[in-house]
1. Give the residues of the range 25-38 that are modelled with pLDDT of 65 or more and within 23 Å of residue 172 (Cα to Cα), sorted by residue number.
2. If you go through the range 90-99 one residue at a time, do you hit one that is within 17 Å of the chain's Cα centre (by Cα), surrounded by fewer than 20 Cβ atoms within 10 Å (Cβ to Cβ) and under 29 Å from residue 41 (Cβ atoms)?
3. Would you pick out the residues in the range 101-153 that are without any contact (Cβ under 8 Å) to a residue 12 or more places away in the chain, outside any helix (DSSP H, G or I) and under 13 Å from the mean Cα position of the chain (by Cα)?
4. Could you give me the residue pairs with C-beta distances under 9 Å whose first residue belongs to the range 48-70 and is more than 16 Å from residue 146 (Cα to Cα), whose second residue is at pLDDT 75 or above and part of a loop (DSSP other than H, G, I, E, B) wherever it lies, and which are 6+ apart or on separate chains?
5. Residue 89 fails exactly one of the following numbered conditions: (1) at pLDDT 90 or above; (2) more than 14 Å from residue 72 (Cα to Cα); (3) touching a helix residue (DSSP H, G or I) at 6+ places or on another chain (Cβ under 6 Å). What is the number of that condition?
6. Which ones in the range 158-186 are surrounded by fewer than 22 Cβ atoms within 10 Å (Cβ to Cβ) and under 11 Å from the mean Cα position of the chain (by Cα)?
7. Give me a count of the residues in the range 104-142 that are closer than 19 Å to residue 78 by Cα and surrounded by fewer than 15 Cβ atoms within 10 Å (Cβ to Cβ).
8. With 134, 143, 110, 195 as the choices, which residue is at pLDDT 85 or above and under 22 Å from residue 10 (Cα atoms)?
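The values are calculated or read from the model by the stated rules, or taken from the named source; none is laboratory data. Just so it is clear, the structure is predicted and the values come from calculations on it, not from any experiment. Cβ placement follows ideal geometry from the backbone for every residue including glycine, while neighbour counts extend to all protein chains displayed.
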């Protein structure tokens, strides 16, 4: 699965750089939305076919929230400390990490505060998503399913959901969706809050 993803992304980069007509590039956002919506529909259909799915969510109860909470705590602590290594204040490092992989929203929030931090946020969140695509199969096989889910951050509910589902058990897709949803909601709250500290 990882090889297919890397090959596909590489092919897309090469096509975009050398061959893509401007008319197609202009419609890229719309095509991505259509493709992503179809992908999510198919993943949802697959989740809906699984017997006992709702019962599984009910049995998990509040425990299902612990995956995004611990992902957020680990991300904020790690990025705050790494920020210090690069000469940033604790709140600036944490704000960069509070994008949780949402590379289109977090940098735009930070841009009003600092263009440099906005660029760092963009790169950090892009690399988080790309790294997660590559590492999910490895982490799920050698460390654990919940650890693989937590790596995805906000993207665990959409772009990375099929990767999680393929690399783990079907029931883990529910954790992935909930984790991504909670972290997505947290981004527009935490990023401005941390920047303002």
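1. Of the range 25-38, the ones modelled with pLDDT of 65 or more are 25-35, 37-38.
Once the filter is applied, which keeps residues that are modelled with pLDDT of 65 or more and within 23 Å of residue 172 (Cα to Cα), the range 25-38 yields 35, 37, 38.
2. Our first condition is that a residue be within 17 Å of the chain's Cα centre (by Cα); within the range 90-99, this holds for 94-99.
Within this subset, residues satisfying the condition of being surrounded by fewer than 20 Cβ atoms within 10 Å (Cβ to Cβ) are none.
Within the range 90-99 (the criterion being within 17 Å of the chain's Cα centre (by Cα), surrounded by fewer than 20 Cβ atoms within 10 Å (Cβ to Cβ) and under 29 Å from residue 41 (Cβ atoms)), the answer is no, since none of the residues qualifies.
3. Scanning the range 101-153 gives a single hit, 104.
4. The qualifying pairs are 50/171; 52/171; 53/171.
5. Residue 89 satisfies all of (1) at pLDDT 90 or above; (2) more than 14 Å from residue 72 (Cα to Cα); (3) touching a helix residue (DSSP H, G or I) at 6+ places or on another chain (Cβ under 6 Å) except (3).
6. 158, 159, 181, 184
7. Looking only at that region, the number is 4.
8. On the way: 143 fails: under 22 Å from residue 10 (Cα atoms); 110 fails: under 22 Å from residue 10 (Cα atoms); 195 fails: under 22 Å from residue 10 (Cα atoms).
Going through 134, 143, 110, 195 in turn, just one is at pLDDT 85 or above and under 22 Å from residue 10 (Cα atoms): 134.
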